[in-house]
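Visitor: The structure that follows is given in the form of structure tokens.
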Amino acid sequence: MTEDPPVDEPQREKNRSERRAALVSAAYALFAERGYAATTMDDVAQAAGLSRRTAFRYFATKEALVFPERDDRLVLLADALVAREHETPFETVRRACLALARRYQDERDRMLAQHRLVQSEPALIGRELQLDRAFEEQLEQAFARGERDTSRGKRRARVRASAVIGAVRASLREWLEGGASTDLVRLGRETFAELEQGFGGGGEQ
């Protein structure tokens, strides 16, 4: 009797990525065919050719299958929000958000499918807004670097982060409702130009 050869770490990671992709692909196909509410995790696991236990190992809830890229996008944003020398907080935030816009353009088809699904389910709309809070907190921390550690400075950072999230959400909605057929990065630059006019100067005086 021979033993199976050991699986090295790159192969394990490849297997994990393939299983995640299979589950997400199966989930979105079933959501489109049956509707979100009528689809169960068991259905998704079966369609992906995986066990129920394996499916839950990768996605703790059906809702998590709707937003599978969230953690990766948060990491991308956090990395991009590392300030560069001579860069203002606003410039850092703008650069980071445009990096995220490039990722969204690369994932155009998934973004469109996700948008259609979320808009069809009120509960998912609320969940999407909750998830946006994690992005907003990162932006708030970036803006806080340009403010004094006072209640007013903290408020300014919070207000600016909220304004950016609102503007980004509006731009994304415009892009998606137009079939994602325009240049999202260009739209993002235009949006930040409008924000910059509204923000005016730098930190707390």
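The values are calculated or read from the model by the stated rules, or taken from the named source; none is laboratory data. A quick note: this is a predicted structure, and the numbers were derived from the prediction, not measured. Backbone-built Cβ (ideal geometry, glycine too); neighbour counts: all protein chains shown.
Visitor: Looking for whichever is within 27 Å of Ser162 (Cβ to Cβ) and at pLDDT below 95 here; the options are Arg95, Arg73, Arg102. Which one fits?
Guide: Working: Arg95 fails: at pLDDT below 95; Arg102 fails: at pLDDT below 95.
Every option except Arg73 fails the conditions.
Visitor: What's the number of the only condition in (1) surrounded by fewer than 17 Cβ atoms within 10 Å (Cβ to Cβ); (2) of a type in the set (S, T, N, Q); (3) over 25 Å from Glu121 (Cβ atoms) that Thr92 fails to meet?
Guide: (1) is the only condition that Thr92 fails.
Visitor: Could you check, for region 10-29, whether at least one of its residues is surrounded by 10 or more Cβ atoms within 10 Å (Cβ to Cβ), touching a residue at least 60 places away in the same chain (Cβ under 8 Å) and in a helix (DSSP H, G or I)?
Guide: The answer is yes; a qualifying residue exists.
Visitor: Is it true that Gln130 is of a type in the set (S, T, N, Q) and closer than 22 Å to Val75 by Cβ? Steps first, please.
Guide: Values: of a type in the set (S, T, N, Q): yes; closer than 22 Å to Val75 by Cβ: yes.
It is true that Gln130 is of a type in the set (S, T, N, Q) and closer than 22 Å to Val75 by Cβ.
Visitor: Name the one entry in Glu190, Glu121 that is over 20 Å from Leu74 (Cβ atoms) and touching a residue at least 24 places away in the same chain (Cβ under 8 Å).
Guide: None of the others qualify; the one that does is Glu121.
Visitor: Kindly check whether there is at least one residue in region 150-160 that is surrounded by 17 or more Cβ atoms within 10 Å (Cβ to Cβ) and closer than 18 Å to Glu177 by Cβ.
Guide: The first filter runs over region 150-160 and keeps only residues surrounded by 17 or more Cβ atoms within 10 Å (Cβ to Cβ), leaving 156-158, 160.
This time we only want the ones that are closer than 18 Å to Glu177 by Cβ, so: none.
No, region 150-160 contains no residue that is surrounded by 17 or more Cβ atoms within 10 Å (Cβ to Cβ) and closer than 18 Å to Glu177 by Cβ.
Visitor: Another question about this same structure. If I ask for residues that are in contact (Cβ under 8 Å) with a residue 24 or more places away in the chain, out of contact with any Phe, Trp or Tyr (no Cβ under 9 Å at 6 or more places or on another chain) and farther than 19 Å from Phe199 by Cβ, which ones from region 71-92 would you list?
Guide: Across region 71-92, the qualifying residues are Leu76, Ala78.
Visitor: If we scan region 152-173, do we find a residue that is modelled with pLDDT of 95 or more, in contact with a Ser or Thr (Cβ under 9 Å, 6 or more places away or on another chain) and not aliphatic (A, V, I, L, M)?
Guide: Yes; the residues of region 152-173 include at least one that is modelled with pLDDT of 95 or more, in contact with a Ser or Thr (Cβ under 9 Å, 6 or more places away or on another chain) and not aliphatic (A, V, I, L, M).
Visitor: If Gly49 satisfies all but one of (1) over 25 Å from Gln105 (Cβ atoms); (2) loosely packed, with under 14 Cβ neighbours inside 10 Å; (3) free of Cβ contacts under 8 Å to residues at least 12 places away in the same chain, what's the number of the condition it fails?
Guide: So Gly49 meets the others, but not (3).
Visitor: Now, a different point. State whether the residues of region 59-67 include one that is assigned to a helix (DSSP H, G or I), under 30 Å from Glu194 (Cβ atoms) and of a type outside the set (Gly, Ala, Ser).
Guide: The answer is no; no qualifying residue exists.
Visitor: If you take the residues of region 52-65 that are among the aliphatic types (A, V, I, L, M) and in contact with a helix residue (DSSP H, G or I) (Cβ under 6 Å, 6 or more places away or on another chain), which of them is surrounded by the most Cβ atoms within 10 Å (Cβ to Cβ)?
Guide: Residue satisfying both the conditions and the ranking: Ala55.
Visitor: Between a residue in region 93-111 that is without any contact (Cβ under 8 Å) to a residue 24 or more places away in the chain and closer than 14 Å to Asp183 by Cα and any residue that is crowded, with 19+ Cβ neighbours inside 10 Å and of a type in the set (A, V, I, L, M), which pairs come within a Cβ distance under 8 Å, given they are 6 or more apart or on different chains?
Guide: Qualifying pairs under 8 Å: Ala99/Leu77.
Visitor: Condition first: aliphatic (A, V, I, L, M), touching a residue at least 24 places away in the same chain (Cβ under 8 Å) and surrounded by fewer than 18 Cβ atoms within 10 Å (Cβ to Cβ). Can you find one or more residues in region 125-132 that meet it?
Guide: Scanning region 125-132 turns up at least one residue that is aliphatic (A, V, I, L, M), touching a residue at least 24 places away in the same chain (Cβ under 8 Å) and surrounded by fewer than 18 Cβ atoms within 10 Å (Cβ to Cβ).
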